[in-house]
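**Q** One structure is given below, represented as structure tokens, and several questions about it will come after.
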Amino acid sequence: MRLKAISSRRGAVLCATSLLLTFSVSPLHATSFSATWNGVGTSWTTATHWDITPAGPTFPNNNGVDTFDVTMATGANTFNVNLELDSLNFSATSLTGAQNLTINTGLTWSAGRFLGAGTTALAAASVSTLSTGDAPNYPALGASRQLTIAGTLNFSNNANLDLSGGASILNTGTFRVGSTVLVNDVEIAPSASNTTQIINDGIFDLQADGSIIAPRGDFDSSTDGFINNGTLVKSGGAGESGVDTFVLNTGVVQANAGTLRLLTYTQTAGRTDVNDSLRVGYFGVEGGRVTGAGTLLDADGDGLSVMLVGNSAAVAPGASQGNSVGTLTSEAGVVFDPGSRIEWQLSDATGTPGVGWDLLDVTNTVNGIVFNTTDTPGEELTLEISPLSLINFNPFTSYEWVVARTPTALNNAGITDFVTGSVLIDLSGWNTPPAGTFGVSATTGQLLLSYTAAIPEPVGAVVILGACGLLLRRRAVRPTLVDPTGDLNADSCNRVA
């Protein structure tokens with residue numbers, strides 16, 4: 001094949017009948033820089049404040065090509081431009097700015113304060129660590145600064161993070177707290193009268209024991225607190241982890257290991273899975289479901305804790321995913337408001353409470369179980385009955401099951417304010433509902449569900465009547481005997497007829 005060389009300003013091109021090779025200019029080479037703040041002055045953009053290796057840019061800021069790994073271990077710094085860094089190791093006094101700081105691969109934060117109205121953003125690919133000693137220079141957010149987490153932030157043992165002056169945390173990634181029993185409590189401590197919130201839209205995973213969020217100072221528990229739209233889970237630690245502030249849930253809260261403490265807790269949607277222990281003071285279930293086969297613990301052991309189940313909210317004892325029956329135990333009193341629901345599953349019609357069917361076991365003696373429901377339309381309690389791999393059930397046999405119970409000894413509250421006819425039966429969980437009749441009643445200590453057997457078709461009576469009818473018909477068509485000779489007497493004629 002004959003090649004012909006053609007010169008060009010943009011490079012050499014070799015042409016042939018069936019071949020064209022083009023050599024283009026290579027792209028710019030990306031450089032990774034290490035930058036250390038020398039503690040002199042306060043301005044981020046001043047070149048003399050930085051030691052940068054290799055030499056080049058005047059101050060660290062990713063430019064779409066070059067990246068920067070930055071260390072700040074001393075002094076105070078102010079920035080007035082939006083910054084993007086590959087990583088930041090931060091233990092200085094403060095970093096202040098109304099602009100945004102984005103960290104792509106990770107923040108290592110052991111001391112110092114992020115201040116100013118902008119955002120410190122941990123990108124989706126980042127894995128960051130927060131660890132610290134004690135005050136006064138433990139990590140802090142202030143002056144309306146927001147920390148946003150799209151990646152993973154590991155909040156290590158013995159760490160503290162102070163939130164003040166309207167600062168907030170928005171987690172859309174994974175916020176993981178500890179992995180072992182703490183020597184000292186981990187604390188995320190809101191400490192100002194301005195609204196201070198932690199908003200979780202991702203996973204907030206408590207793997208350690210201690211007071212995780214502990215307000216101090218001038219703190220308004222009605223507005224300052226923890227808002228969960230994602231998943232708040234205690235997945236590790238056999239002891240107790242506390243979120244000791246106002247908690248609002250619209251997502252999923254799971255007490256899966258040890259005890260999760262939520263002293264002022266309101267749920268307007270979503271669900272709460274009590275798979276181990278959940279300690280509550282006031283638990284307002286205004287929407288969604290409370291499920292599980294664990295225990296709701298009383299806040300102080302005085303019996304004054306209450307779970308209030310509101311309109312459209314439901315309590316569903318048993319496994320949180322509905323794949324097995326079980327007992328949900330409550331040391332808190334339980335109050336059912338008009339429009340509330342109990343979701344109840346039956347697995348073995350002749351079994352025992354909590355084993356053959358779901359059971360709500362309220363051990364509280366101060367309030368017991370209170371029904372604010374009535375027989376007025378719209379103000380009833382709905383009992384949703386569903387079979388779950390049902391055995392030993394015969395629709396032509398009557399049964400009675402304990403749905404909920406509470407102690408009835410002297411001076412115990414027991415069950416109060418139950419009105420006959422105030423429970424609606426929901427059988428939508430059955431493919432074909434049984435032909436019998438369900439009914440609900442209450443004693444001083446038990447909420448009872450009864451099933452009255454269906455009346456079987458009277459098959460035997462139909463057969464007997466049919467046989468009698470046939471006999472009568474046969475007798476009716478038998479011919480009359482005639483005695484042409486006059487030899488038959490009357491007795492013989494009667495016997496034949």
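**Q** Can you find a residue in region 273-292 that is among the acidic types (Asp, Glu), modelled with pLDDT under 95 and part of a loop (DSSP other than H, G, I, E, B)? Can you show your working first?
**A** As a first pass, look at region 273-292 and keep what is among the acidic types (Asp, Glu): 273, 276, 286.
Those still in the list that are modelled with pLDDT under 95 too: none.
No, region 273-292 has no match at all.
**Q** Restricting to region 342-378, give me the number of residues that are farther than 25 Å from residue 303 by Cβ and not polar (S, T, N, Q).
**A** Selection size over region 342-378: 12.
**Q** Residue 358 - would you say it is among the acidic types (Asp, Glu), surrounded by fewer than 19 Cβ atoms within 10 Å (Cβ to Cβ) and assigned by TED's automatic domain parsing to the domain that holds residue 240?
**A** Working: among the acidic types (Asp, Glu): yes; surrounded by fewer than 19 Cβ atoms within 10 Å (Cβ to Cβ): no; assigned by TED's automatic domain parsing to the domain that holds residue 240: yes.
For residue 358, the condition - among the acidic types (Asp, Glu), surrounded by fewer than 19 Cβ atoms within 10 Å (Cβ to Cβ) and assigned by TED's automatic domain parsing to the domain that holds residue 240 - is not met.
**Q** Let me ask something additional. In region 360-375, is there at least one residue being over 18 Å from residue 332 (Cα atoms), out of contact with any strand residue (DSSP E or B) (no Cβ under 8 Å at 6 or more places or on another chain) and of a type in the set (Asp, Glu)?
**A** Yes, the conditions are met somewhere in region 360-375.
**Q** Separate question: Kindly check whether there is at least one residue in region 375-390 that is over 29 Å from the mean Cα position of the chain (by Cα) and crowded, with 20+ Cβ neighbours inside 10 Å.
**A** Pass one, region 375-390, residues over 29 Å from the mean Cα position of the chain (by Cα): 375-377.
Imposing the further condition that a residue be crowded, with 20+ Cβ neighbours inside 10 Å reduces the set to none.
Taking every residue of region 375-390 in turn, none turns out to be over 29 Å from the mean Cα position of the chain (by Cα) and crowded, with 20+ Cβ neighbours inside 10 Å.
**Q** Is it the case that region 160-174 has a residue that's under 16 Å from residue 237 (Cβ atoms) and part of a strand (DSSP E or B)?
**A** no
**Q** Among the acidic types (Asp, Glu) and free of Cβ contacts under 8 Å to residues at least 40 places away in the same chain, is that true of residue 244?
**A** Yes.
**Q** Further question on the same structure: Given the conditions (1) outside any loop (DSSP other than H, G, I, E, B); (2) over 23 Å from residue 31 (Cβ atoms); (3) at pLDDT 95 or above, report the number of the one that residue 141 does not fulfil.
**A** With (1) outside any loop (DSSP other than H, G, I, E, B); (2) over 23 Å from residue 31 (Cβ atoms); (3) at pLDDT 95 or above applied to residue 141, the lone miss is (3).
Yes/no per residue for (1) among the charged types (D, E, K, R); (2) touching a Cys at 6+ places or on another chain (Cβ under 8 Å); (3) over 25 Å from residue 154 (Cα atoms):
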residue	(1), (2), (3)
31	no, no, yes
35	no, no, no
58	no, no, yes
63	no, no, yes
68	no, no, no
84	yes, no, no
102	no, no, no
106	no, no, no
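**Q** Continuing with the same structure: Restricting attention to region 325-344, which residues are within 13 Å of residue 285 (Cβ to Cβ) and aliphatic (A, V, I, L, M)?
**A** 328, 332, 334, 335, 342
Quick grid of which residues meet (1) at positive phi; (2) small (Gly, Ala, Ser):
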{"position": "291", "(1), (2)": "no, no"}
{"position": "298", "(1), (2)": "no, no"}
{"position": "302", "(1), (2)": "no, no"}
{"position": "318", "(1), (2)": "yes, yes"}
{"position": "332", "(1), (2)": "no, yes"}
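**Q** Next question. Which ones in region 361-372 are under 27 Å from residue 398 (Cα atoms) and either crowded, with 19+ Cβ neighbours inside 10 Å or of a type in the set (Gly, Ala, Ser) (or both)? Give the derivation first.
**A** Going residue by residue through region 361-372, those that are under 27 Å from residue 398 (Cα atoms) are 361-362, 369, 371.
Of everything in region 361-372, those that are under 27 Å from residue 398 (Cα atoms) and either crowded, with 19+ Cβ neighbours inside 10 Å or of a type in the set (Gly, Ala, Ser) (or both) turn out to be 362, 369, 371.
**Q** Would it be correct to say that residue 65 is over 24 Å from residue 142 (Cβ atoms) and modelled with pLDDT of 80 or more?
**A** yes
The values are calculated or read from the model by the stated rules, or taken from the named source; none is laboratory data. Worth saying up front: this structure is predicted, and the values here are computed from it rather than measured. So basically every Cβ, Gly included, is an ideal-geometry build from the backbone, and we count neighbours across all protein chains shown.
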